[in-house]
Structure formats: C-alpha cells, structure tokens
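The values are calculated or read from the model by the stated rules, or taken from the named source; none is laboratory data. On a predicted model such as this, the values are computed, not experimentally measured, just so you know. Virtual Cβ from ideal backbone geometry, glycine too; neighbours counted across all protein chains shown.
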Amino acid sequence: MTPRYDWTAQEVLNLLQAPLVDLLWQAQSVHRQVNPGYTVQLASLLSVKTGGCAEDCAYCSQSARHPGALPTPAQTLGVEQVLEQAAAAKAAGAHRFCMGWAWREIPNGPAFEAMLAMVQGVRALGMEACVTAGMLTDDQARRLAAAGLTAYNHNLDTGPAHYNQVITTRTYGDRLATLQRVRQAGITLCTGGILGLGETVQDRAELLVVLAGMNPHPESVPINALVPIEGTPLAEQPPVDPLELVRMVAAARILMPRSRVRLSAGRANLSREAQLLCLLAGADSIFYGDRLLTTPNPDLSKDQDLLRAAGVRWQQSPARQTDVSRKPGRSPGQPVRGRL
Ligand code: SAM
Ligand code: DTB
Ligand code: SF4
C-alpha cells in the first residue's frame, strides 16, 4: 500500500461523510492489510507537572487563565515518583509510557534535566517513552533524542481555520514549527486532534489534510473527544456523537495507513460498543490506566474486558533493556492475546 501525502479537503470530506457502512469497510480493508493481528498498543499517561500553564487553550483545566478548573492539586512529580509509576504501568501491561508537563515551552534547568532522567529511566525499563511539554528548542530536541525519547506529543487539536477560536496565545504555525523541530531531531511524532471543540466537519477534514500531508505521516495520531471540564470556556459544549468519533478514526486509518491511531481522551464517556466500533474502524492504541492527565480514564479491568471482548491482541512490554537507542517507526513488541 503506497501512502499518499496529497489528500484534498474535498476528498477527506467525502470520506467523513460517506455512508458509515462503506467508510468502515474501506477502513477495515486498510487496517487488515497493515495490522492483520489487530494488535493494539497500550499507552499509560502520567501528569508530571500539573497546572499553572501560560497558554489559554479553551478546553484545558491546566491553563492559569481558568482558575478553579483544575480537578486535582497543582503539583510536580520527581524522577523517583515518575519511575515508580512507570514500573507499575509496565507491570500492568503498558507498552508506552507518556509523560505530560503543563508548559507553554520547556524551560532549561533542573526541570529539563529531570525530564531527561525520566526518559532514560523509562527506556531502561524497556518501554517506549513519550513526552508532551509544549514548545522546545533544537538543542532540547537533540538532548531528548540522545536520552532515548521515542515520541514527542504535540497536538494540532483542530483545523487551521478553527484554531484561533480555541487558542489565542500561540499560532498554528508555532505548533507546526515545533513538530518540524521534533522530526529533525529524529524523534517520532505523536500529533492529532480533539472532536467537540465547536468545529465543523470541514474543520475536521482540514485537520486530517494537514496531518496526512506530513511526509512521513506522524507515527502516532491521537484522536480525542473533548472531556468537558467545569471552569473552562468549553465546559458546556454538547457531547460528541460517538459515531463522529468512529468516522474520524476510520478516516485517519485510511489516510495514514501505517500510523498508530490512538483512541485517546473521552473513552470514559463511551459505551463498550462505541469503543469496539472505533477498534473496528482502525484504532490500534488506547490510553491504559485509570487517569489521563487531570481526568478519569476507564479502569484497567474494564479495558482488559474490552480488549478481550474485541478479540484483539496487544503488545507486551519488551524485556528490560539497557540499550536506549531508538529507531523511528513502530516498535515490534511481542503481540499477545489474553494475557495482562
Ligand atoms: N502543554 C502541552 C501541550 O499543550 O502540548 C502538553 C500537555 S496538553 C494537556 C496535551 C494535549 O491534551 C492537548 O494538546 C490536547 O490535545 C489534550 N487535551 C487537553 N485537555 C483536554 C480535554 N479537556 N479534552 C480532550 N483533550 C484534551
Ligand atoms: C493526547 O492526545 N491526549 C492526552 C495526551 N495526548 C497527552 C491528554 C488528554 C487529556 C484529557 C484531559 C485531562 O485529563 O486533563
Ligand atoms: Fe497548557 Fe497544554 Fe493545557 Fe494548552 S493544553 S493550557 S498548552 S497544558
């Protein structure tokens, strides 16, 4: 299957608005070719630095502009605490460990040195390491790559035309420039969006055009449904129709056949059946663990039941490794079925 990088907004709109049965059939055909075992990656998420962020993202509890929105105490975790959580996530079956910092950009100094130690520690446990921490410099990207960082998450969130309805403190161009920097350092890209921000289907199509226009495609594409948080400007947004999420996942799978499409925030509000449809549509990763950053995620046992009910396989965490060197692209990880 030869990937394309020149999808037009009209082509993507046609996909997003196709009869659901046809869209699912097309997405399944692609998915079966690239991932015949339906292997799912389990990624665990931990908020290392929570709250007090200088950006004004309208959905986010962690912006300093939304006082009272933070449902958990503002705090910063140390290296030891983070590596304890990483080891627990590995023991529970996670393959990737994702760490978040509520920053506009990464500051140099002790907090960045601690981030590097966390990345090294997670890699030494044998897991993939992902960081999401805002903008960064070329030198910081280079040092993160040298520490063994597998992926950097930096979401575009929505289409370019809707972006400044959601965030005013940085531009779409800033976001793209950061992604470019990450790629140049040889770190894989994790970038996607959120449904439910008041966007149109055209905005969703335009977001997918930008993502699928990247060459190579981003290695991971998180698809989030807005988790409405009291105290944020988007608290009263109507819930996303689960079938819209299924359509977005299916379109992402067709446009970016070899990317990991991660069914991300919003699963706690989805039925088991809606999540199964997302897996059928080509989602091949979920956040696994009972918390996202500041909001709840389904319990481990519920997710184990979900994966068993779907009959999919999941990647086992690789054995402990001392070599933290990183190759771009998918990590092979042993797929297993029925053991967590
Ligand atoms: N500050 C960094 C940044 O913005 O890149 C890293 C942390 S930020 C919380 C990571 C991502 O979480 C955001 O880009 C957004 O896509 C997602 N996110 C945050 N709050 C959310 C919410 N309430 N619902 C869904 N996704 C959310
Ligand atoms: C992503 O796309 N979604 C995750 C992760 N990458 C960093 C974050 C979801 C956050 C949901 C709201 C919260 O828990 O605060
Ligand atoms: Fe800050 Fe990231 Fe939240 Fe935006 S999404 S306010 S950048 S923590």
### Task
Tell me which residues, restricted to region 200-234, are assigned to a loop (DSSP other than H, G, I, E, B) and among the charged types (D, E, K, R).
Glu219, Glu230
### Task
Tell me which residues, restricted to region 127-160, are out of contact with any helix residue (DSSP H, G or I) (no Cβ under 7 Å at 6 or more places or on another chain) and either without any contact (Cβ under 8 Å) to a residue 24 or more places away in the chain or away from ligand 2 (no atom under 15 Å from the Cβ) (or both).
Thr137, Asp139, Arg142, Ala145, Ala146
### Query
Taking region 1-27 on its own, how many of its residues are touching a Gly at 6+ places or on another chain (Cβ under 8 Å) and surrounded by 17 or more Cβ atoms within 10 Å (Cβ to Cβ)?
2
### Query
Which helices (runs of 4 or more DSSP H) sit wholly inside region 1-97 and have at least 3 residues that are out of contact with any strand residue (DSSP E or B) (no Cβ under 6 Å at 6 or more places or on another chain), modelled with pLDDT of 95 or more and under 25 Å from Val201 (Cβ atoms)?
9-16, 20-34
### Query
Does region 213-228 contain at least one residue that is at pLDDT 95 or above, β-branched (Val, Ile, Thr), surrounded by 15 or more Cβ atoms within 10 Å (Cβ to Cβ) and more than 23 Å from Arg247 (Cβ to Cβ)?
no
### Query
Identify, please: which residue in region 238-286 is part of a loop (DSSP other than H, G, I, E, B) and of a type in the set (D, E, K, R) and is, among those, nearest to Pro3 (Cα to Cα)?
Arg258
### Message
For region 245-257, check the following and say yes or no: at least one residue is surrounded by fewer than 18 Cβ atoms within 10 Å (Cβ to Cβ) and touching a residue at least 40 places away in the same chain (Cβ under 8 Å).
### Response
no
### Query
Out of all the residues in region 98-127, which are among the β-branched types (Val, Ile, Thr) and either part of a helix (DSSP H, G or I) or closer than 22 Å to Ile286 by Cβ (or both)?
Val119, Val122
### Task
Kindly indicate which of Pro239, Pro257 is away from ligand 3 (no atom under 16 Å from the Cβ), touching a helix residue (DSSP H, G or I) at 6+ places or on another chain (Cβ under 7 Å) and over 17 Å from Tyr38 (Cα atoms).
Pro239
### Query
So Gly93 clears everything in (1) away from ligand 3 (no atom under 16 Å from the Cβ); (2) crowded, with 16+ Cβ neighbours inside 10 Å; (3) closer than 26 Å to Leu211 by Cβ except one condition, right? Which one?
(3)
### Query
Does Leu263 satisfy being modelled with pLDDT of 95 or more and over 23 Å from Gln28 (Cβ atoms)?
no
### Message
Against the definition (aliphatic (A, V, I, L, M) and away from ligand 2 (no atom under 13 Å from the Cβ)), how does Val209 come out, yes or no?
### Response
yes
### Message
Which pairs turn up if I take residues in region 74-85 that are closer than 9 Å to Gly121 by Cβ and look for partners that are part of a loop (DSSP other than H, G, I, E, B) and modelled with pLDDT of 95 or more with beta carbon separation below 9 Å, at least 6 apart in sequence or on another chain?
### Response
Leu83/Leu125
### Qualifying residues in region 106-124 (those that are within 21 Å of the chain's Cα centre (by Cα) and aliphatic (A, V, I, L, M)) - the one surrounded by the most Cβ atoms within 10 Å (Cβ to Cβ)
Val122
### Query
Would you pick out the residues in region 162-188 that are outside any helix (DSSP H, G or I) and in contact with a helix residue (DSSP H, G or I) (Cβ under 6 Å, 6 or more places away or on another chain)?
His162, Ala185, Gly186, Ile187
### Message
Suppose we keep only residues that are surrounded by 22 or more Cβ atoms within 10 Å (Cβ to Cβ) and within 16 Å of ligand 2 (Cβ to nearest atom) within region 279-292. Which one would you say is farthest from the chain's Cα centre (by Cα)?
### Response
Gly289
### Task
Would you check if there is a residue in region 183-193 being buried (at least 18 other Cβ atoms within 10 Å of the Cβ), of a type outside the set (S, T, N, Q), over 18 Å from the mean Cα position of the chain (by Cα) and at negative phi?
yes
